[in-house]
Every structure is written in structure tokens, then in C-alpha cells.
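Beneath this line is the structure, given in C-alpha cells, with notes to follow.
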Amino acid sequence: MKKTLALLVSVMMLFCSSAFAEEQTFTEPEVIQNPVGGSITIPTTSAMDSNFEKDSYGGGSDGYSQELIHAYNLAVTDRDGKLLVNPMVVDKLDTTENEDGSKTYTVTLHDDLYFNDGTQITAMNYVAYPLLFTSPIGIASGAYGTAGKYFVGYEDFKTGANKVFTGIRLLDTLKFSYTVSAENTPFYYELNMLNCSQYSRCYPLDWEAWCPGFTIKDDGEGCYIAEDEWYDKTNTELASAIGNTRFAWDKVRTDGPYYLSNVDLSAQVTELTINPYFKGNWAGYKPSIEKITIVKSNQATLLDSLKTGELDWVNLKNQTGATIDAALDLVESDSNFSEEHYNALYYGKIFFRCDYGPYQFVKVRQAINYLIDKDAMINELFNGHGSTICGPVSSSYWMYEENEEEILERTNAYTYNPTKAVELLEEDGWVLDENGNDYVSGVRWKAVTPEEYNPWGNGEYDFGNSKGDPQKRCKQLADGRVIMPLQIEWLSYEGLALCEVLDVQLCQSSAVANAGFKFNRTPLSGSNFWNYLNSSLDDYFYPTYGMFSSATTLYSIFDQTYRYSTDPEMIRSNKNRIFDKELDEHTNNMLIGREPDDDEGFAREWVEHLVRFNEILPEIALYNTESYSIFNSKIKNYEENPHYTFAYAIVEAYIE
């Protein structure tokens with residue numbers, strides 16, 4: 001499968017002495033409205049916390065809701081994962097290649113876009129998203145600060161060196177532009193530039209709700225906020241108010257096929273109702289199912305709840321193989337139930353924070369990988385409905401399908417091998433006991449340098465005060481050596497079956513204890529888990545945990561630019577805090593400087609990135625799952641696939 005880049009109705013190319021320009025005009029598809037009515041109830045197995053801006057702040061327990069309340073993105077992916085301009089939103093797109101190598105995208109919106117309360121959406125709402133989440137005060141509120149990172153003026157605006165974001169222009173009520181810097185042009189996923197960053201989809205932001213009392217202006221040089229108070233990043237009250245807006249579900253206007261009509265955190269219930277002002281998705285579909293209710297559910301009883309009618313749809317990608325087999329038997333024997341299945345863009349993983357403690361050492365991460373019996377894990381969890389993987393991949397990616405043989409040949413499967421794990425630890429210097437003598441048994445220790453002990457220090461041990469030793473478990477011996485224990489502080493996602501299997505394999509395993517590890521596990525769920533993992537908020541910037549276990553969604557658009565950046569200014573994008581130049585270069589080179597039609601070049605760099613990832617292991621990729629959605633047959637026209645999951649497919653479905 002190859003991606004194609006545009007839905008073009010009319011194209012006019014203009015040549016002049018200073019630039020090359022392309023003008024594209026888009027015609028809205030015919031509206032498709034299936035019979036309206038009915039309701040469905042779906043589950044989430046994670047605690048809901050009403051965080052409805054996960055793209056810029058992290059999190060994910062309310063992911064279904066966010067995808068349903070925002071849909072007027074400038075660029076979208078279709079059912080095959082192909083990028084295209086959203087014809088329901090964009091009336092005209094002018095693309096200009098400037099003399100300095102930058103590229104300007106000038107967008108004219110349709111004039112019939114409205115929030116769920118009937119207020120018109122304008123160009124201001126689109127420039128608001130990158131302005132807020134790239135600004136110093138936005139970053140102080142906990143945002144990643146990556147929205148708009150490809151645009152001219154990004155660094156100066158982000159740091160506060162310039163109050164004007166020169167690469168973003170507010171040109172008219174329905175007209176605005178983004179100018180992509182020369183160093184980010186060309187770009188393989190060119191249309192994704194319209195979404196500001198791989199971590200965001202740049203929907204029309206309700207600026208008045210997020211930033212009341214502040215005004216966006218453009219005097220001809222770029223967008224800025226008129227009030228001086230905005231530029232005081234030490235204003236903790238303002239930063240806190242902005243950050244808390246992502247939880248203010250009843251105050252923020254939204255643009256998707258549904259709006260939040262009720263959120264009850266005490267009961268763990270979220271209700272979404274059809275947005276009457278939503279004009280349709282990229283294909284013209286307007287939602288037909290009148291109400292969607294999301295309830296916190298017990299993962300172990302999802303199928304039973306489906307049978308009794310408490311739930312109308314369940315996804316079993318994190319369920320045991322026995323549950324999946326039982327669900328398939330149900331579909332085969334009872335016509336009241338249907339199913340959709342595919343290899344998911346989703347994988348179970350162990351995530352490392354690689355800048356301190358034992359986690360900073362590659363051979364420690366490799367040793368942990370050798371101590372996990374991934375085949376046994378997959379058999380126990382999925383009974384054949386999953387597979388081992390070498391990194392953040394899925395067989396549903398076209399670049400994996402076309403290069404599978406090479407990938408398997410060049411990557412390490414890290415097949416279960418405790419003996420190899422011990423060899424790696426010994427090679428890495430974990431050869432001491434707690435008294436600094438030769439290791440015999442128990443927990444291994446290693447003599448560390450000042451920089452290894454205290455990555456944020458000044459080249460001295462500063463013993464007892466190091467942020468690199470938050471549990472203060474390192475020891476200073478009488479001879480002056482500082483030794484570090486092979487003790488792993490592990491934060492696991494509560495309620496995820498994967499974590500229980502890992503607990504048996506790591507915390508309760510004699511092979512692991514005999515290798516010299518000690519694992520301390522802390523279960524946690526919701527935003528608190530993601531705050532520790534993402535470490536973007538100041539309160540979580542310095543580590544408490546170095547290892548995390550979770551399951552993660554992959555995306556059709558594989559954009560990981562700056563994900564492993566070695567630039568100190570981009571450290572909040574580098575959640576793993578791994579500073580490896582080779583990985584950073586491959587990750588960026590697969591997209592930056594690459595023409596949109598260079599599939600071969602993209603795939604080549606993607607493979608090289610995967611090989612390096614597999615070697616240094618910022619994460620341990622444990623499995624890729626098959627996704628099974630089982631649902632009540634009253635839901636019609638529901639067609640789900642790896643690139644078109646629930647929040648997109650349900651808009652086109654209806655109740656019979």
C-alpha cells in the first residue's frame with residue numbers, strides 16, 4: 001500500500017520570478033446521512049480523568065472522547081491511512097515555495113464551520129492551537145511545546161526571544177497561513193504540516209475558553225498575543241488555569257461529530273451526543289447514532305457485559321486468547337453479534353527513561369530484554385492472537401510488509417536467555433556486591449562515575465543530593481567509590497494484563513533474582529501514569545521511575561521527528577531521554593528533506609531507524625496484537641480497520 005497525497009478538484013500552477021505557487025480548490029463531498037437514532041454503550045478499562053487534550057499534554061484514558069469531539073483537522077487520513085486535505089474544512093489551499101527555501105501554506109476555510117454551540121469557527125481558531133501550545137506559558141502549563149515546531153520562527157517564539165510567531169499569519173476572517181522552515185522542506189508527509197506536529201492534529205481551538213481575556217493579533221509580521229501578561233512564563237496562576245482547561249469539558253466548545261453532554265467522574269461515565277452543527281467527515285458522513293456512552297468497565301468481564309446488553313461494542317486487543325476465542329465462538333453461534341479484526345497498529349512495550357540510574361546503560365536494557373520470555377507471554381495473553389516484534393512496528397505498515405525479510409535478518413529477537421543477560425551485566429561492570437566486593441549473589445552493584453551517578457550535576461558526586469538517585473540507594477564506600485544497585489523502579493499501568501505477566505516474569509522469577517536484578521513495581525493508572533512517563537510537567541521532569549510498562553497505539557502516519565532529539569531545546573519531545581545521534585538522524589531523515597513521492601527513501605531510513613532502535617532499546621517491544629472488535633449486530637455499516645478505528649468508523653455507522 002502506498003500513500004497518495006491529495007484530493008484535488010482543480011489545480012492551477014503559477015510561475016513567477018521569486019517563487020513557485022500551486023493553488024488547489026476543494027469541493028465538499030455529498031453529505032451522507034443514515035437514519036438518526038439509537039444509542040450505544042462502549043467500555044474503557046482505564047480510569048477516566050476528563051483529560052480531553054492528550055495530544056499536547058499526554059494521557060490517553062479519554063482518547064475515545066477526544067477523537068469524537070474534534071474532527072475539523074486540515075489534513076486527515078482516509079480508510080487506507082492515506083493523507084488528504086479535509087475537503088469539508090478547506091475551501092482553498094495555496095502552496096508557495098519561497099526564495100529562501102521555506103514553503104508557505106495559505107488556507108482559506110469554508111464559511112459554514114461551527115462549534116457545537118453554533119458559534120462560527122474562523123481562521124483565528126486554527127492559528128490559536130500552535131500559538132498556545134508552543135508559547136512559553138503554554139509549556140509552563142505542561143504542554144510539550146511541539147505544536148508548530150516545523151514553522152519559521154518556532155524556536156524564538158517558544159523560548160520567548162520573540163513575542164511574534166513569524167511563521168503563522170492571520171490574514172482574514174477565514175484565511176491564515178503556516179510557513180514551514182527551509183530545514184523542514186521538503187517533508188515526506190507534507191500534508192501533515194497542516195496539523196502542526198506529529199503529536200497534534202491542530203483542530204480549531206476554543207481560544208476564549210482556553211485563554212479568556214487574551215487577544216490574538218497580526219500586524220503583518222506574524223501572530224502574537226496582545227497582552228503583556230501572556231509573556232510572563234513565571235505566572236503560575238495563568239499556567240495552571242491553562243493546563244486545567246483540558247479538564248473543563250463543560251466550558252470548552254468543540255468541533256467533532258459528537259460533543260460532551262455529560263462527564264461523571266465519580267460514576268466513571270462519559271456521554272457524547274450528536275453535534276447538530278457538524279457538517280460531515282472527509283467522506284461526507286454525518287453521525288447517525290444519537291448518543292454514545294463510555295463507561296469504566298472490568299477488563300475481565302467485557303464479553304459477559306456484551307452478552308447481557310450492558311455494552312454494545314468491545315475491543316479485545318488487550319484481552320486473553322481464551323476471551324478472544326470465546327468471542328469468536330459467540331459471533332459464529334449468535335447472529336446478534338458481529339466482528340471486525342485485523343493486525344492492530346498497537347504494541348505492548350517496556351519504556352525506559354534512559355538518562356539516569358541503571359536504565360542509562362544499554363546492556364542493562366538488553367539484559368532485561370533477554371530475561372523476558374516473550375513467546376510464553378504471547379501464548380499466555382493471546383493464545384496465538386499476537387506476535388513478537390523488534391520495535392514499534394505492525395505488519396499492517398506497508399514498509400514492514402515490503403522489508404520484512406531484511407528486518408528479521410538485521411534485528412535481534414532477544415529470545416529468552418538468562419545466561420546471556422548475566423554475560424551482558426558482567427561486561428557492563430555489574431560485578432560488585434553491596435559492600436564493593438566481588439559479586440557472588442543477591443543484587444548486583446556497579447561503580448559509577450560522577451556523571452553516571454548525577455547526570456544533572458557539575459561533574460562532582462554531590463553524594464546524597466543527586467536527582468539521578470531519587471531513592472538515595474547508591475552508596476559511597478570508604479575508598480571513595482560510589483556504587484549503584486541494579487534495582488529497577490518500575491511503574492506499571494494498572495489493570496493491564498501484560499503487567500501481571502511481567503510481574504511473574506520479573507518480580508517473581510528466580511532466574512531474574514539469580515541474574516542480580518531487583519524489580520520494585522508500582523501500579524498506577526490514568527493521567528498520573530502518563531505524567532511520570534511523559535515527564536513534560538516540571539513536577540515530573542526529574543525522574544522517580546525509570547521503567548514503565550504499557551500498551552501503545554501506533555499511527556498510520558509514522559512521524560517520529562525529534563522524538564529522540566539530542567537538542568537540549570527539544571528535550572521534552574524526547575520522552576525516553578535517550579541521546580543517540582544515529583537514532584535521531586535516522587528518525588528525522590526518513591521524513592525531513594524527503595519528497596512526498598520518495599517511498600523507497602522513506603522505507604530505507606525507516607528500516608535503519610528500526611535496526612538502531614532494536615540495538616539500543618529505548619523501549620522493549622513485547623508484542624503486536626490482533627485487534628478484535630465484537631459488537632451488537634444492531635450497529636450497521638460499521639467497518640473498522642488498522643487505519644480507521646472506532647472513533648472514525650462509528651461516525652459512518654447507524655442503528656437498525
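Points to keep in mind about this one:
- Segment 545-585: number of residues that are aliphatic (A, V, I, L, M) and either open to solvent by 20 Å² or more (accessible area, probe 1.4 Å) or in contact with a strand residue (DSSP E or B) (Cβ under 7 Å, 6 or more places away or on another chain) (or both): 5
- Residues in segment 517-529 that are open to solvent by 40 Å² or more (accessible area, probe 1.4 Å), more than 15 Å from Leu498 (Cβ to Cβ) and either among the hydrophobic types (A, V, I, L, M, F, W, C) or in contact with a strand residue (DSSP E or B) (Cβ under 8 Å, 6 or more places away or on another chain) (or both): 2 in all.
- Hits in segment 168-193 - residues which are more than 25 Å from the chain's Cα centre (by Cα) and outside any strand (DSSP E or B): Thr173, Leu174, Ala182
- Identity of the residue in segment 314-346, within 30 Å of the chain's Cα centre (by Cα) and hydroxyl-bearing (Ser, Thr, Tyr), that ends up nearest to Glu656 (Cα to Cα): Ser338
- Taking segment 516-556 as the range and being closer than 19 Å to Ala621 by Cβ and of a type in the set (Val, Ile, Thr) as the test, the residues that pass are Thr552, Thr553.
Yes/no per residue for (1) among the polar types (S, T, N, Q); (2) outside any loop (DSSP other than H, G, I, E, B); (3) open to solvent by 10 Å² or more (accessible area, probe 1.4 Å); (4) farther than 19 Å from Pro257 by Cβ:
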| site | (1), (2), (3), (4) |
| --- | --- |
| Thr108 | yes, yes, yes, yes |
| Asp112 | no, no, yes, no |
| Asp117 | no, no, yes, no |
| Ala128 | no, yes, no, yes |
| Phe133 | no, yes, no, yes |
| Ile137 | no, yes, no, yes |
| Ala143 | no, no, no, yes |
| Thr146 | yes, no, no, yes |
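- From the list Ala447, Ala367, the one residue that fits, being hydrophobic (A, V, I, L, M, F, W, C) and under 30 Å from Trp606 (Cβ atoms), is Ala367.
- Residue match in segment 540-550 (condition: of a type in the set (Phe, Trp, Tyr) and without any contact (Cβ under 8 Å) to a residue 60 or more places away in the chain): yes
- Only residues that are open to solvent by less than 40 Å² (accessible area, probe 1.4 Å), assigned to a loop (DSSP other than H, G, I, E, B) and over 20 Å from Asn514 (Cα atoms) were counted in segment 441-456, giving 2.
- Among the residues of segment 194-239, those that are among the aliphatic types (A, V, I, L, M), surrounded by fewer than 21 Cβ atoms within 10 Å (Cβ to Cβ) and in a helix (DSSP H, G or I) comprise Ala209, Leu238.
- Against the conditions (1) touching an Asp or Glu at 6+ places or on another chain (Cβ under 6 Å); (2) outside any loop (DSSP other than H, G, I, E, B); (3) not β-branched (Val, Ile, Thr), Lys158 satisfies every one except (1).
- Scanning segment 195-216 for residues that are in contact with a Cys (Cβ under 7 Å, 6 or more places away or on another chain) and either at pLDDT below 95 or not aliphatic (A, V, I, L, M) (or both) turns up Asn195, Cys196, Cys202.
- Near pairs, Cβ below 8 angstrom, 6+ apart or cross-chain, from segment 207-234 (touching a residue at least 60 places away in the same chain (Cβ under 8 Å)) to any residue that is assigned to a helix (DSSP H, G or I) and open to solvent by 50 Å² or more (accessible area, probe 1.4 Å): Ile225/Tyr231
- Unmet criterion (only one of (1) at pLDDT 85 or above; (2) over 29 Å from Lys92 (Cα atoms); (3) open to solvent by 20 Å² or more (accessible area, probe 1.4 Å)) for Lys54: (1)
- Count of segment 480-497 residues which are assigned to a loop (DSSP other than H, G, I, E, B) and closer than 18 Å to Pro543 by Cβ: 1
- The set of residues from segment 299-311 being more than 27 Å from the chain's Cα centre (by Cα) and outside any loop (DSSP other than H, G, I, E, B) comprises Thr301, Leu303, Asp304, Ser305, Leu306, Lys307, Thr308.
- Considered as a group, the residues in segment 312-349 that are open to solvent by 40 Å² or more (accessible area, probe 1.4 Å), out of contact with any strand residue (DSSP E or B) (no Cβ under 7 Å at 6 or more places or on another chain) and part of a loop (DSSP other than H, G, I, E, B) include one that is farthest from Ala376 (Cα to Cα), and that residue is Ser335.
- Qualifying residues in segment 592-616 (those that are free of Cβ contacts under 8 Å to residues at least 60 places away in the same chain and touching a helix residue (DSSP H, G or I) at 6+ places or on another chain (Cβ under 6 Å)) - the one farthest from Ser102 (Cα to Cα): Arg612
- Output for segment 462-494, where each listed residue is open to solvent by less than 50 Å² (accessible area, probe 1.4 Å) and under 30 Å from Tyr623 (Cα atoms): Pro485, Leu486, Gln487, Ile488, Glu489, Trp490, Leu491, Ser492, Tyr493
- Residue, nearest to Ala327 (Cα to Cα), within segment 364-421, restricted to residues that are touching a strand residue (DSSP E or B) at 6+ places or on another chain (Cβ under 7 Å) and hydroxyl-bearing (Ser, Thr, Tyr): Ser387
- Glu639 falls short on exactly one of the conditions (1) out of contact with any His (no Cβ under 7 Å at 6 or more places or on another chain); (2) part of a helix (DSSP H, G or I); (3) open to solvent by 10 Å² or more (accessible area, probe 1.4 Å), and that condition is (2).
The values are calculated or read from the model by the stated rules, or taken from the named source; none is laboratory data. These numbers were taken from a predicted model, which means no experiment stands behind them. Glycine gets a Cβ as well: all are built from the backbone with ideal geometry, and neighbour counts include every protein chain shown. These area figures cover heavy atoms from the full protein model, side chains too; ligands, DNA and RNA do not enter into them. Shrake-Rupley method; radii C 1.70, N 1.55, O 1.52, S 1.80 Å.
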